[in-house]
Amino acid sequence: MTVTVDRTPSDERVPSPPARLSLTPTSLVPGLLDGAWWPRSRDLLRELPTLTDVLDARWGRITRVSVNPTDWPVIPRKVPVTGHTVHVGWFTDEQDPHKLILLSYNVGRWDLLVIPPEASAAAAARLMSAAATTGALLTASSLMASETASANDA
């Protein structure tokens, strides 16, 4: 697998529409995922600022993000977001390819299912609902496999 790391800082960002996000309600019953994110592209420099704008207010300042490079053609080391910079890392074997891990310096960790940008609105709605179910014990890959199987049966 080849991964391209973009080391050029980009201060010129085109404003993006609001993040398409579904989060698990606050609960004492933990699940494997904290929700789902449906980015509009596979461009982390463009997509992460919109996501962190929503999550910083809810979860505290997001300082690090980890992805599996399978579906991300370019992985920048740092992404400028509103008011700070998010450091981006990647893991190939250790991280589910359909999951984004977000870390806040002193608040915690959250795992989100990443719905492919090319997914249909109906599929994305099903996946967002399933990933945001309190106490759900399905992994990101198992949710994606289930959706693929459902689409193939239809």
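Taken together, the values in this text are just the output of simple stated rules run on the coordinates, not laboratory data. What you are looking at is a predicted structure, and each value in this text was computed from that prediction instead of being measured. So basically every Cβ, Gly included, is an ideal-geometry build from the backbone, and we count neighbours across all protein chains shown.
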The FRET efficiency for Asp71 and Asn106, from their Cβ-Cβ distance with R0 = 22 Å and rounded to 0.05, is 0.15
Show me, for segment 67-73, the HN-Hα J-couplings you get by feeding each phi into the Karplus relation (A = 6.51, B = -1.76, C = 1.60, θ = phi - 60°), rounded to Hz, glycine and proline as x. 10, 9, x, 3, 10, 10, x
Can you run phi through the Karplus equation (6.51, -1.76, 1.60; θ = phi - 60°) for segment 96-109 and list ³J(HN,Hα) in whole Hz, with x for Gly and Pro? 3, x, 9, 10, 10, 9, 10, 10, 10, 3, 10, 10, x, 10
Using the C-alpha gyration tensor of segment 47-115, what are the square roots of 5 times its eigenvalues, in whole angstrom, with the largest one first? 19, 13, 11
Once amide H atoms are built 1.01 Å from N in the peptide plane, which residues 5 or more positions from Arg61, or in another chain, come under 5 Å H to H? none
For the chain, longest principal axis from Cα atoms; helix 121-131 axis from its Cα atoms; angle between them, nearest 10 degrees, is 90
Cut-off under 5 Å, modelled amide H: who pairs with Ile75 long-range: Thr4, Val5, Asp6
What does the charge add up to near Trp38, with Lys and Arg as +1, Asp and Glu as -1, over the other residues with Cβ less than 11 Å from its Cβ? 0
Provide Rg over Rh for the chain; use the alpha carbon set for both Rg and the Kirkwood Rh (inverse mean inverse pair distance). 0.95
Helical contribution to [θ] at 222 nm, DSSP H n ≥ 4, -39,500 (n - 2.57), averaged over the chain, rounded to 500: -8500 deg cm²/dmol
